[in-house]
Ligand SMILES: [Fe+2]
């Protein structure tokens, strides 16, 4: 027995206009200050006003949102009493909006107490997720990642009740994204698609979604990075991110995310850049153990016809590296400008946090502690994984 | 030789598996906490787990006779699936086929230890009747 959770998805050009058709009284928009400045918050407010709603904006969400921020947002919600909460932005505002929704309705809970095994019993508000990047997939999942700033550590949790009611996937919102952010977030989507396809929790409902999302990113990401106004590429990337979210959100992820979460938290690197760094190494490691089903992805994306699973997997790893290089992704830890001494000092924690990550245990091949440390060492130098 | 699940002999064999597993010892080296695995309407299996070792294992006719930090409850059919490797215990808990009493966050931070523990259980030659 397992579940498939999904929001109602509105996608494509003019999707944002769907907001005008909603009914409700008060909408709290959870977002960041940049989107207010860019006028995107105003566009969302305008549509909600046309639907007859009052709006309030909480735009204090920082990248890698903290527990403290979500608590402040929950206080704003308690004051405003919204019947809709709108998570607008990249993964950070969307994740924060989920936590704010939960704490608004369940003030008795700490964010760290949210988990899939308790019933939240949400009934006062519903959630709209509107991504402005094409990557995180948070608009389609019940997961959220928050940072405990005191412990310098991320924690991932979730609840099936926190799947957004509605996801608005409007490619025009990603049009102005700078190439660097387009690349980081797009590679996150690629990592979701590939890891979601090979995880031990994969299932019949998620396989097709992950394959399609991987194919779309492999086809369109480079175009979207090179020319941000290529709206065909933007639209396919926006769709790919949500499709990958539907896939991995119902199947979990693997080593790339476990290692990336750990590395990103300890060295303050953006999520997508951190997980994509590890992706090709984890493909090699998993393939070396004769595991992974990567060949299916390579064939579906048209990279090869080979029925030799190992060969096809290697072809996928090569293509991922080529794409990452083409969009300016650092290929090893040293490329991030981290010196060896700082890396060495952090290595025990890198390993410990990765092993304790909620994505670690669903990887198809799981390293032991020594192997994991060795993998980090190899990734530091950019050596191919030969074990 | 195989052991009937659940029985005191099975619990003893499970304890031996745990204490001879390097993988468990390594994965659970910082774990401190006791746990009772409860078969719905039946007995319990109490484990006192400490720094990669099982300090005590007990078959409990009354599964609630101890007050451990964690309790996981499920019916016999679910436990059979766990032992056969057909039910991932975390998925079992998420879908509420297995019920957890205790701090989930602590378990999630030690999922590797939990997996090795399950692996030890699957290595006990087991019969059901
Ligand atoms: Fe991700």
Practice problem: Return one number: the angle in degrees, 0 to 90 and rounded to the nearest 10, between the long axis of the Cα atoms of helix A:231-249 and the longest principal axis of the Cα atoms of chain A. | Solution: 80
Quiz item: Expressed as a whole number of Å, what is the distance separating the alpha-carbon centroids of the stretch B:1-53 and the stretch B:76-93?
Solution: 15
Practice problem: Enter the angle in degrees (range 0 to 90, nearest 10) between the Cα long axis of helix A:204-226 and the first principal axis of the Cα atoms of chain A, meaning the one along which they spread out most. | Solution: 90
Quiz item: Averaged over B:104-113, how many beta carbons belonging to a partner chain fall within 10 Å of each residue's beta carbon?
Solution: 5
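If R₀ is 25 angstrom, what is the calculated FRET efficiency for the pair residue A:23 and residue A:80, using the beta carbon separation as r and rounding to 0.05? Let's see the in-between values first.
Numbers: r = 18 Å, r/R0 = 0.71.
Efficiency computed from Cβ-Cβ geometry: 0.90.
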Quiz prompt | Helix-only mean residue ellipticity at 222 nm for chain A, each DSSP H run of n ≥ 4 adding -39500 (n - 2.57), per residue, nearest 500 | solution = -16000 deg cm²/dmol
Quiz prompt | FRET efficiency estimate (nearest 0.05) - Cβ-Cβ, residue B:25 to residue B:61, R0 45 angstrom | solution = 0.90
Quiz item: If you stretched the chain out fully between residue A:14 and residue A:122, how much longer would it get, using 0.36 nm times the residue separation minus the C-alpha to C-alpha distance?
Solution: 35.9 nm
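Antiparallel DSSP bridges in the stretch A:22-91: what percent, to the nearest 5? Numbers along the way, then the final one.
Details: 1 of 10 bridges.
Bridges in the stretch A:22-91 that DSSP calls antiparallel: roughly 10 percent.
Suppose we keep just the DSSP beta bridges with both residues in the protein assembly as shown; what percent of those would be antiparallel, to 5? Could you put the intermediate results ahead of the total?
On the way: 24 of 53 bridges.
Antiparallel bridges: around 45 percent, rounded to the nearest 5.
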Quiz item: Which ordering of B:128, A:300, A:248, A:278 is given by a fewest-first count of other beta-carbon atoms within 10 Å?
Solution: B:128, A:300, A:278, A:248
Quiz item: By its C-alpha gyration tensor, with a ≥ b ≥ c as the square roots of the eigenvalues, how is the stretch A:179-381 shaped: rounded for a/c under 1.5, else prolate for a/b larger than b/c, else oblate?
Solution: oblate
Exercise. State the antiparallel share, in %, of DSSP beta bridges confined to the stretch B:3-123, rounding to the nearest 5.
Key: 75
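Among rounded, prolate and oblate, which fits the protein assembly as shown when a ≥ b ≥ c are the square roots of the eigenvalues of its C-alpha gyration tensor, a/c under 1.5 means rounded, and a/b larger than b/c means prolate? Numbers along the way, then the final one.
Values: a/c = 1.91, a/b = 1.34, b/c = 1.42.
Since a/c reaches 1.5 but b/c is at least a/b, the shape of the protein assembly as shown is classed as oblate.
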Self-check item: Segment residue A:232-residue A:300, length gained on full extension (0.36 nm per residue, minus Cα span)
Solution: 22.4 nm
Self-check item: Distance (nanometres) between label positions extended 7 Å along Cα→Cβ at residue A:268 and residue A:50
Solution: 4.2
Quiz item: Using the reciprocal of the averaged 1/r over all distinct C-alpha pairs, how large is the Kirkwood radius of the stretch A:3-123 in Å?
Solution: 14.9
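For chain B, what is the calculated [θ] at 222 nm in deg cm²/dmol (nearest 500), taking -39500 (n - 2.57) for each run of four or more DSSP H residues and dividing by its residue count? Kindly include the intermediate steps, with their values, before the conclusion.
On the way: 6 runs with 49 residues, N = 129.
The helix contribution divided over chain B gives -10500 deg cm²/dmol.
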Practice problem: Report the full-extension gain for the segment residue A:205 to residue A:322: residue separation times 0.36 nm, less the Cα-Cα distance, to one decimal in nm. | Solution: 39.1 nm
Quiz item: How many angstrom separate the Cα center of the stretch A:93-159 from the Cα center of the stretch A:353-387?
Solution: 27
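Take the Cβ-Cβ distance between residue A:68 and residue A:339 as r, set R0 to 25 Å, and report the resulting FRET efficiency rounded to the nearest 0.05. Walk me through the numbers on the way to the answer.
Details: r = 31 Å, r/R0 = 1.25.
Efficiency computed from Cβ-Cβ geometry: 0.20.
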Quiz item: Can you give the angle from 0 to 90° between the axis of helix A:255-267 and the longest principal axis of chain A, with both taken from C-alpha atoms, to the nearest 10?
Solution: 70
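Under the rule a/c < 1.5 gives rounded, and otherwise a/b versus b/c splits prolate from oblate, where does chain B land using the Cα gyration tensor?
Numbers: a/c = 1.27, a/b = 1.09, b/c = 1.16.
Because its axes are fairly even, with a/c under 1.5, chain B counts as rounded.
Here, each number is a calculation from the coordinates, and none is a lab measurement. What you see is a predicted model; the values in this text were computed from it and never measured. Here Cβ is always computed from backbone atoms with ideal geometry, including for glycine, and neighbour counts include all displayed protein chains.
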